[in-house]
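Input: a single structure, listed below in structure tokens.
The values are calculated or read from the model by the stated rules, or taken from the named source; none is laboratory data. All of these numbers come straight from a predicted model, not from anything done at the bench. As a convention, Cβ positions derive from the backbone with ideal geometry for all residues, glycine included, and neighbour counts pool all protein chains shown. Areas reflect the complete protein model, heavy atoms only, side chains present, ligands, DNA and RNA absent. Shrake-Rupley method; radii C 1.70, N 1.55, O 1.52, S 1.80 Å.
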Number of protein chains: 2
Amino acid sequence: MSAAPAASAVPAGVDPDAPAPSAVSNRPDVNREAHSFSRAQLEALMTKRFFYIQAFEIYGGVGGLYDYGPTGAALQANIINQWRNHFIIEEEMLELDTTIMTLADVLKTSGHVDKFADWMCKDVKNGDIFRADHLVEGVLEARLEGDKVARGAAVAVEAVPAEDAKKSKKKKVKTAAVKLEDAVVEEYTTILAQIDNFDGKQLGELIKKYDIRAPESGNEVSQPIEFNLMFESSIGPTGQVKGYLRPETAQGHFVNFQRLLEFNNGRVPFASAQIGKSFRNEISPRAGLLRVREFTMAEIEHFVDPEDKSHERFDEVRDIALPLLPKDVQESGKTDITTKTIGDAVASGMVDNQTLGYFLGRIYLFLTKIGIDPKRLRFRQHMGNEMAHYASDCWDAEIHTSYGWIECVGCADRSAYDLTVHSRKTKKDLVVQKAHREPKVYDRLVAEVVKKTIGPRFKKDAKMVEEAILEMDQKALADLQSQLKNGKAELKICTGQTFELTPDVVSVEMKTIRETVREFTPNVIEPSFGIGRIFYSLLEHSFWARAEDVDRGVLSLPPLVAPIKALIVPISSNEKLAPLVKQVSRKLRSAGVASRVDDSSATIGRRYARNDELGTPFACTLDFASLSKGTMTLRERDTTAQRIGPIDQVIEVIRRLCDGSLTWEGACKELPEYSGQQDVDE
Amino acid sequence: MSAAPAASAVPAGVDPDAPAPSAVSNRPDVNREAHSFSRAQLEALMTKRFFYIQAFEIYGGVGGLYDYGPTGAALQANIINQWRNHFIIEEEMLELDTTIMTLADVLKTSGHVDKFADWMCKDVKNGDIFRADHLVEGVLEARLEGDKVARGAAVAVEAVPAEDAKKSKKKKVKTAAVKLEDAVVEEYTTILAQIDNFDGKQLGELIKKYDIRAPESGNEVSQPIEFNLMFESSIGPTGQVKGYLRPETAQGHFVNFQRLLEFNNGRVPFASAQIGKSFRNEISPRAGLLRVREFTMAEIEHFVDPEDKSHERFDEVRDIALPLLPKDVQESGKTDITTKTIGDAVASGMVDNQTLGYFLGRIYLFLTKIGIDPKRLRFRQHMGNEMAHYASDCWDAEIHTSYGWIECVGCADRSAYDLTVHSRKTKKDLVVQKAHREPKVYDRLVAEVVKKTIGPRFKKDAKMVEEAILEMDQKALADLQSQLKNGKAELKICTGQTFELTPDVVSVEMKTIRETVREFTPNVIEPSFGIGRIFYSLLEHSFWARAEDVDRGVLSLPPLVAPIKALIVPISSNEKLAPLVKQVSRKLRSAGVASRVDDSSATIGRRYARNDELGTPFACTLDFASLSKGTMTLRERDTTAQRIGPIDQVIEVIRRLCDGSLTWEGACKELPEYSGQQDVDE
């Protein structure tokens, strides 16, 4: 695969935090006019053509749960398939399929039981529940809007039909035209810009300070309390084994690390990968597919020597220019994009290491290959306070949608954190042994405990004492050695107890160590993909309408991921065409091209339009010339251009268009233009 | 695809219920000697080569949860991929991806909340929990064994190593040598043969009657109580919306029926399909992958007109001969297989209808294509008392393993049950409208309610009265009409209340109806595949050992599903071979052949043996002749035969062997035999 061209900066004037109800799509490879994007129109199409729908619709629906219909499921399967080829196959990763139901102990160790939570507060009178940050945000935004109205400014109203607004889970707070002090406007604006950074206590203070109340009832709300976002259940009939639905697939990799390492003949680096469902019990899901309770993830855990994070194939991505938003720019309050090659970004230290840089490049290639607009893609580095304490660097691939910039892929260097905590908890070694080229020889203080005397001396505490001695570092050992020379030493352990040590119990000596093997806990670089978010962003980037038919949408999905690649359209329902339709359908299938027949009685224009809505890139039209001359016309969705050729040649052209080995321009060189009318009659 | 050859009957002397620790594999397409199967050896290989492992191993493991490693995940992905091609693509089914987390109301309607349960009982003193049928079975089996010992018979001991027995979740009950009365032996044997048919009350009676106690403690156990097998959780923060992890994917199809029908332009028949995880919280999981708490299913719901269950493509399967075990044979206490073509089975009424028969044939083709031994496969019909009350016919595809015959695919005609109950509960129409070719004209009694008078007369009961009238059948209407002629009629409704009707409130008249459209609830034919069970059975059927190396296993997985298709083996670690290894690896990848390099320092024989354990069908060996003459040898796993040819030709042969367009015999005609030694030195 060749490197993609450099992306230019994001569209000027795009505010990353503001909701953007209208976005202009300008995909360079598609011959289409700039158009104004309507989310309501896209959503209506999604329902009509059954891409996806709220789950349990006939039961009234459940927030944050979505079912994918035939078109959506096929699009998702194609994205996943491309992902598997691009990452797992291409890089020989070790694929895993681990359980969704996860032992509580594992998630206790990983920190999820204690920390994977959002803040919520309750209406003190009617018990309604709000996510605290959403509540503060909604109320302050409404007050700012009311202030604008009071000041007489024209307020932009989102062009969302009433029905659509009703369905939206984001409860709009009613606006009252009340003018605010200038200083208050500034305070509110500052708070809104940092809304993701407040903890529960701070949110509670804001609620108190600004008298924020439940929007509908006007009642006071409680102080924010933590709500863990994991779905909880019990495993087995006793109720004593607690389990959670996994909030990410990553832990399944870590607990199997030693097996994976063995499978890889004990060598690092290697990567494991997993595609599967994860779950987060959101307090109040909103923004459609972007914040849901059940979602498909694809995660890679790349295990690497902490002393050598170079990457064998770094040269393949070195010259790709990426749109980067580094942390220092953000910390100075700006959002300007820097375009830099990956090579430069790593060399300058902006990106921490080669392996991390390699994956940023591979992520960029994957996203643009499946159809994400490179001009609406950026890599944003986490700021210091945003990153987990153990991470050494983290970049999110963010995609611009009508909801603003959305985190779709996270790419973090998690250091040795996960393997270390699981190893400590289970007392199992999760380490790599690597032979030194030359044995390392050095001197080192070593403590030796005399088993025969330590037991009787310290009785039940003996084991604890021994462990405390063995955990001492060189400085502590030097100190112990010098004390023992005086006949006794004092040992203070973590419980606070103090023990007296004597030379008959323990000795400390300088020894020469000959180390042939280095043992280390590998670091983990984790690219983690939210497939549903990528799926939705791709739909927004692909959706437009023709100037001559603004009410009907077109989904310009690339052939690589389009749910159906070719539509077969018999010009009429005349039975003489039926055998040919079957034959073409069979031939496309054996060429590996997913096709569908539309032999309905609708006009051919209507059938093409339906095709455009389904995102099908090609249509094969069979008419009476097909019977007499063996030809077939080929319509391309984005340009609506039609070409003609012998049936088998057209099929071969479609096959190559779909596997990416031929462009439409190339196809036009092989097949002449079709200008005539379809032969409707015999 | 051509029809598979007729399968012969199951191996003589196989008792379907007895555990079969040793099974003889005789796959006709593989040149191997009969060997005795060792489950312990297979399981050891599964762990060693990381096919699968108990989940959370380093935390001590959790029963009934398994993680698939790189080899297992790839084998599973290949099986699923074949399934998708064979069913979804080939038959143009509508694929769905619906949520795992399921609204409790949906599963209440489907009957799962009330009925999806097993019986469990508790040790009254220590609280240990047992699945009631397993407990009765274990204790009675142990007593029968003790009786045999007491009678001096040699008791067969399963050849399972101690460690293996310890891991097994089926707690072996200790045997005491106590002789039983002959009549008691017969009673126990009869009970064991019917163990699956007892309900909780009956199991409770058996426990009482035979003084069955907790095996380890000897304590009494409680009466059996129901334990629902669904994992329960709460959706959202209030705790008021209850959800379950789905126990099957089927309900996700039914609740989306109207959307699917619309997508299919309102026409039946059509089928939806879904592949995904389901969950059952087993009381005491056992038998490895065969009874687990989390598993992958693939389900088809084929919606069909109840008045026309013919199938368009029935001719394609009509002549396939299936090994059938019909219900009447079982009801007479026998297990003899009848081999019959699907055409005959449907014509004779043994299989209820063409569509059901069509799927039995397609299931047979699928299972044998991926490598299930046709001689160890049978279709068993459900007996009357075994089938759900609404089902009209049901056949299980059962595969013979060392655990006996295992249900791997269910294929049921569920009639209109599911759509009817969801429609009734949600008051949404889940029906198909089909135009009559000719309008149907007939006479019919019709009741007309006078809105103006019925309201004031019956006040709050008016609606109920009106509904009761509108639900009357022709007989009831005739009766009402004749009563009204006498000036008044009595209406008794389901609540037990009685109302007096008069002609000013309701009239009944004979009318001529002209019906252009028939409205009906479609019936559902449901083939439902347990992918994990098929996966495990396939491993048993593929596993054997060479007579000359009995300690090492060979997995004869067909190339179609093998995790890795080709191993690349450089004859030595000489650097001159390295570029060629990379080149061959790249060429195989672009031919779509999953390959792996083994450049370890192990001897070539050891590397081949490792390859056999991984189920890799082909090995390409590169030596110094490859550099000088451009040749490569090709080793076939099952025969260990080696052929030779130019590198590109060998790669093309492998490609065709893997996609099924070439057999090994065919390959041997294209590539000459290789008899020499590999060129180890330059």
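Details
- Counting only helices (runs of 4 or more DSSP H) that sit completely within region B:357-473, those holding 3 or more residues that are within 30 Å of residue B:103 (Cβ to Cβ) and modelled with pLDDT under 90 correspond to B:462-470.
- Taking region B:247-276 as the range and being without any contact (Cβ under 8 Å) to a residue 60 or more places away in the chain and aliphatic (A, V, I, L, M) as the test, no residue passes.
- Search result, residues across region B:554-584 that are out of contact with any helix residue (DSSP H, G or I) (no Cβ under 6 Å at 6 or more places or on another chain), more than 25 Å from residue B:43 (Cα to Cα) and open to solvent by less than 10 Å² (accessible area, probe 1.4 Å): B:577, B:584
- With respect to the conditions (1) in contact with a Pro (Cβ under 9 Å, 6 or more places away or on another chain); (2) within 25 Å of residue B:639 (Cβ to Cβ); (3) open to solvent by 50 Å² or more (accessible area, probe 1.4 Å); (4) not hydroxyl-bearing (Ser, Thr, Tyr), residue B:551 falls short on a single one, namely (1).
- Within region B:330-348, the set of residues being under 23 Å from the mean Cα position of the chain (by Cα) and either in a loop (DSSP other than H, G, I, E, B) or surrounded by fewer than 18 Cβ atoms within 10 Å (Cβ to Cβ) (or both) comprises B:330, B:335, B:336, B:337, B:338, B:339.
- Residue list for region A:481-538, filter: open to solvent by 20 Å² or more (accessible area, probe 1.4 Å), assigned to a loop (DSSP other than H, G, I, E, B) and modelled with pLDDT of 95 or more: A:521
- Taken over region A:58-76, the criterion of being within 7 Å of chain B (Cβ to nearest Cβ) and either over 24 Å from residue A:538 (Cβ atoms) or among the aliphatic types (A, V, I, L, M) (or both) is satisfied by A:58, A:59, A:62, A:65, A:73, A:74.
- Check on residue A:432, open to solvent by less than 30 Å² (accessible area, probe 1.4 Å) and either more than 14 Å from chain B (Cβ to nearest Cβ) or without any contact (Cβ under 8 Å) to a residue 24 or more places away in the chain (or both): yes
- Residue check, residue B:100 within 28 Å of residue B:428 (Cβ to Cβ), at the interface with chain A (Cβ under 10 Å from one of its Cβ atoms) and out of contact with any Phe, Trp or Tyr (no Cβ under 7 Å at 6 or more places or on another chain): yes
- Tabulated pairs, region A:581-594, first away from chain B (no Cβ under 12 Å), second open to solvent by 80 Å² or more (accessible area, probe 1.4 Å) and assigned to a loop (DSSP other than H, G, I, E, B), C-beta under 8 angstrom, 6+ apart or interchain: A:581/A:599
- Residue match in region B:393-409 (condition: touching a residue at least 24 places away in the same chain (Cβ under 8 Å), farther than 24 Å from residue B:291 by Cα and not acidic (Asp, Glu)): no
- Residues (within 14 Å of another protein chain (Cβ to nearest Cβ) and either under 12 Å from residue B:111 (Cβ atoms) or among the hydroxyl-bearing types (Ser, Thr, Tyr) (or both)) located in region B:408-426: B:418, B:420, B:421, B:422, B:423, B:425, B:426
- Candidates B:88, B:53: the one that is at pLDDT below 95, open to solvent by less than 20 Å² (accessible area, probe 1.4 Å) and within 12 Å of chain A (Cβ to nearest Cβ) is B:88.
- The numbered conditions (1) open to solvent by 10 Å² or more (accessible area, probe 1.4 Å); (2) in contact (Cβ under 8 Å) with a residue 40 or more places away in the chain are all true for residue B:390 except (2).
- Residue count for region A:182-204, restricted to those that are open to solvent by 100 Å² or more (accessible area, probe 1.4 Å) and either touching a helix residue (DSSP H, G or I) at 6+ places or on another chain (Cβ under 9 Å) or at positive phi (or both): 1.
Residues checked against (1) in contact with a helix residue (DSSP H, G or I) (Cβ under 8 Å, 6 or more places away or on another chain); (2) under 24 Å from residue A:418 (Cα atoms):
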position: A:348; (1), (2): no, no
position: A:351; (1), (2): yes, yes
position: A:359; (1), (2): no, yes
position: A:373; (1), (2): yes, no
position: A:377; (1), (2): yes, no
position: A:381; (1), (2): yes, yes
position: A:388; (1), (2): yes, yes
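- Scope region A:228-246; condition small (Gly, Ala, Ser) and in contact (Cβ under 8 Å) with a residue 60 or more places away in the chain; matching residues: A:233, A:243
- Residue check, residue B:94 surrounded by 22 or more Cβ atoms within 10 Å (Cβ to Cβ), at the interface with chain A (Cβ under 7 Å from one of its Cβ atoms) and under 22 Å from the mean Cα position of the chain (by Cα): yes
- Residue among B:469, B:406 that is among the β-branched types (Val, Ile, Thr) and farther than 30 Å from residue B:197 by Cβ: B:469
- Answer residue from region A:349-381, given it is open to solvent by 10 Å² or more (accessible area, probe 1.4 Å) and aliphatic (A, V, I, L, M) and is nearest to residue A:400 (Cα to Cα) among those: A:365
- Scanning region A:269-291 for residues that are open to solvent by less than 20 Å² (accessible area, probe 1.4 Å) and of a type in the set (Val, Ile, Thr) returns a single hit, A:283.
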